[in-house]
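**Q** Here's a structure for you.
The values are calculated or read from the model by the stated rules, or taken from the named source; none is laboratory data. This is a predicted model, so every value here is computed, not measured. Reconstructed Cβ throughout: ideal geometry from the backbone, glycine too, with neighbour counts over all protein chains shown. The area values use the complete protein model at the heavy-atom level, side chains included, leaving out ligands, DNA and RNA. Shrake-Rupley method; radii C 1.70, N 1.55, O 1.52, S 1.80 Å.
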Amino acid sequence: MLELIILGLPIALLQTIWKATADHFTSQPWQVIWILVPLGIVAIIAARSSFGRKEWLLDRKLLTFLSVYVVMFSCAAYSDLLVWNRKVTLFGQPVDRNWLAPAWTGDWRYKIVPRKPLDPDDLVVVTRSFSKERSVLDARRQLANLIKWAEENGAKGIAFDVFFRQISGFDSVLCETVRKSKLDIVVGIEIVEEGRRHFPGSMPNDLDDCFTANQRGHLVGLRDADGVVRLMPLFFDDENLEALSLRVAKIRGKTLELPDDKRLRFIAPAGSLAADKQGAIPVVTYQELEANPSSRSLLKNAFLMFGEDSPGDIFVTPFGNKPGVVAHAYAVHSLRTGHYFRRTSWWSALAVIAVACYLVALWAARGIPAKQFLFRVACISVLVILTSAVSAMLWLVWLEVVYVLAAIWFLAIVLLVCRVCVGKRLIPNSTRRSIDQSHD
């Protein structure tokens with residue numbers, strides 16, 4: 001226990017310094033390599049001094065090696081090194097990201113996490129089919145019609161998962177409709193990419209005055225290299241431009257508990273998986289509302305989420321292929337209920353890595369036979385995975401296990417190789433027997 005405390009205190013101090021300074025000089029996860037390489041050199045020097053000794057349990061040099069080793073993996077975990085680069089990607093545009101570890105390795109949590117049901121009068125998604133023949137004027141007229149239908153049928157508000165790029169002759173009419181409406185209305189704002197920078201775009205002049213800053217939300221999502229949308233940033237650049245889903249979730253006036261890193265790992269409501277239709281978010285098409293006025297009763301007391309249902313706006317999520325507007329609706333549900341995955345604090349992965357690696361080093365130093373040693377390492381690995389599963393099911397905590405498992409097994413292989421190189425045991429038989437007797 002004393003050795004573990006001696007190991008943990010300097011590591012915690014170094015990791016605190018790293019957490020406070022990393023974001024200032026690493027704009028991309030891969031840049032942490034410039035820190036890990038010097039640490040690795042220090043670890044190798046400490047290892048070469050330790051592994052040649054015959055009489056040690058965990059002496060100062062091995063503790064130095066183990067400390068640097070744990071710091072390296074905890075820094076990698078904090079920096080998402082194995083993810084390599086998660087680039088901001090606008091919904092509807094191609095993904096551009098490289099990775100070292102497949103992002104889907106953590107998706108098993110979505111299959112075991114409990115999901116909250118949707119309130120019957122909570123959200124209704126309205127979609128319109130893509131049409132090349134539809135003019136900008138007709139598209140704006142549809143938005144005005146939807147506002148009118150929502151108000152006539154007692155809806156609470158409406159969010160448009162669209163942004164306005166072109167000018168139309170109907171803009172002044174749409175703007176007047178928005179001004180007269182008593183509904184809470186939120187609209188998307190275009191994010192323009194220029195060079196390698198992204199910044200909020202502007203609206204047509206006739207619409208700029210009727211959609212205030214508090215009515216605008218960005219539509220940015222984060223798609224991984226496998227094309228799956230798992231994260232939604234709640235703010236763009238600064239806290240002045242909130243996500244569309246966050247704008248909608250705030251409308252009810254309820255205080256929201258936001259994730260610490262301001263990135264939402266949303267969880268779909270109950271009934272949103274392909275194999276479980278009961279309780280899913282109601283979806284109705286604009287064409288159905290237009291052709292069948294009786295279907296508009298579905299809008300009563302609901303908040304509408306309106307968006308395009310087209311091949312270019314279909315996204316892969318952990319819950320199946322969904323239109324972008326449905327993904328935003330999932331995000332609204334997660335924010336309103338507080339039901340989303342939370343990443344653990346930086347020190348949690350550090351603590352797990354430190355304890356697990358300490359045990360691995362201790363077993364290797366005691367000269368435990370290779371098969372028994374690997375069996376114990378496998379047991380620790382299973383325990384880490386089970387802990388992560390229980391944390392996800394009970395507390396919606398996302399305990400990252402990739403870095404922990406990588407640290408455990410890489411250290412085990414290194415120590416086994418070193419043990420063979422120095423003569424199968426790192427401490428003499430007499431010392432090992434005395435240790436075993438003390439444990440007995």
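**Q** State all residues of the stretch 167-200 that are under 15 Å from Ala139 (Cβ atoms), within 23 Å of the chain's Cα centre (by Cα) and not acidic (Asp, Glu); if no residue qualifies, say none.
**A** Answer for the stretch 167-200, where residues must be under 15 Å from Ala139 (Cβ atoms), within 23 Å of the chain's Cα centre (by Cα) and not acidic (Asp, Glu): just Gly188.
**Q** Something else now. So which residues in the stretch 385-403 are at pLDDT 85 or above, surrounded by 17 or more Cβ atoms within 10 Å (Cβ to Cβ) and touching a helix residue (DSSP H, G or I) at 6+ places or on another chain (Cβ under 7 Å), if there are any at all? Full working, then the answer.
**A** Going through the stretch 385-403, the residues at pLDDT 85 or above turn out to be 385-398.
Within this subset, residues satisfying the condition of being surrounded by 17 or more Cβ atoms within 10 Å (Cβ to Cβ) are 388, 391-392, 396-398.
Listed by number, the residues that qualify are Ala392, Val397, Trp398.
**Q** Show the residue pairs meeting these rules: Cβ distance below 6 Å; 6+ apart or different chains; first residue within the stretch 191-213 and under 15 Å from Cys175 (Cα atoms) and free of Cβ contacts under 8 Å to residues at least 60 places away in the same chain; second residue open to solvent by less than 70 Å² (accessible area, probe 1.4 Å) and part of a loop (DSSP other than H, G, I, E, B).
**A** Listed by first residue and then by second, the contacts come to Met203/Phe164; Pro204/Phe164; Leu207/Phe164.
**Q** Can I ask one more? Please indicate, with yes or no, whether at least one residue in the stretch 318-333 is modelled with pLDDT of 95 or more, of a type in the set (Phe, Trp, Tyr) and touching a Phe, Trp or Tyr at 6+ places or on another chain (Cβ under 6 Å).
**A** Taking every residue of the stretch 318-333 in turn, none turns out to be modelled with pLDDT of 95 or more, of a type in the set (Phe, Trp, Tyr) and touching a Phe, Trp or Tyr at 6+ places or on another chain (Cβ under 6 Å).
**Q** How many of the residues making up the stretch 355-375 are closer than 14 Å to Ile413 by Cβ and open to solvent by 30 Å² or more (accessible area, probe 1.4 Å)?
**A** 3
**Q** If we keep just the residues of the stretch 406-427 that are open to solvent by less than 40 Å² (accessible area, probe 1.4 Å) and over 19 Å from Val68 (Cβ atoms), which is modelled with the lowest pLDDT?
**A** By that ranking, first place goes to Ile427.
**Q** Give the residues of the stretch 310-334 that are over 16 Å from Val126 (Cβ atoms) and under 15 Å from the mean Cα position of the chain (by Cα), sorted by residue number.
**A** Result: Val316, Thr317, Pro318, Phe319, Ala331, Ser334.
**Q** For residues that are among the hydrophobic types (A, V, I, L, M, F, W, C) and out of contact with any Ser or Thr (no Cβ under 9 Å at 6 or more places or on another chain), scanning just the stretch 247-278, find the one that is modelled with the lowest pLDDT.
**A** Pass one, the stretch 247-278, residues among the hydrophobic types (A, V, I, L, M, F, W, C): 248-249, 251, 256, 258, 264, 266-268, 270, 273-275.
Checking which are out of contact with any Ser or Thr (no Cβ under 9 Å at 6 or more places or on another chain) leaves us with 248, 251, 256, 258, 270, 273-275.
Working: Val248: 94, Ile251: 88, Leu256: 90, Leu258: 92, Ala270: 86, Leu273: 52, Ala274: 48, Ala275: 42.
Among those that are among the hydrophobic types (A, V, I, L, M, F, W, C) and out of contact with any Ser or Thr (no Cβ under 9 Å at 6 or more places or on another chain), it is Ala275.
**Q** Would you pick out the residues in the stretch 119-141 that are closer than 21 Å to Ile314 by Cβ, open to solvent by less than 80 Å² (accessible area, probe 1.4 Å) and part of a loop (DSSP other than H, G, I, E, B)?
**A** From the stretch 119-141, those closer than 21 Å to Ile314 by Cβ are 123-134, 139; that's our starting set.
Keeping just the survivors that are open to solvent by less than 80 Å² (accessible area, probe 1.4 Å) gives 123-129, 131, 134, 139.
Within the stretch 119-141, Ser131, Arg134 qualify.
**Q** I've got another one for you. Would you pick out the residues in the stretch 110-168 that are among the basic types (Lys, Arg), closer than 20 Å to Arg296 by Cβ and either at pLDDT below 90 or touching a strand residue (DSSP E or B) at 6+ places or on another chain (Cβ under 7 Å) (or both)?
**A** Result: Arg128, Lys156.
**Q** Quick check, is Arg115 within 30 Å of Val401 (Cβ to Cβ), touching a residue at least 60 places away in the same chain (Cβ under 8 Å) and buried (at least 16 other Cβ atoms within 10 Å of the Cβ)? Can you show your working first?
**A** Numbers: within 30 Å of Val401 (Cβ to Cβ): yes; touching a residue at least 60 places away in the same chain (Cβ under 8 Å): yes; buried (at least 16 other Cβ atoms within 10 Å of the Cβ): yes.
Considered against the rule, which asks whether it is within 30 Å of Val401 (Cβ to Cβ), touching a residue at least 60 places away in the same chain (Cβ under 8 Å) and buried (at least 16 other Cβ atoms within 10 Å of the Cβ), Arg115 comes out as yes.
**Q** Taking helices (runs of 4 or more DSSP H) that do not extend beyond the stretch 283-389, which have at least 1 residues that are within 27 Å of Gln142 (Cα to Cα)?
**A** On the way: elements: 286-291, 324-337, 346-365.
Per the criteria, 286-291, 324-337.
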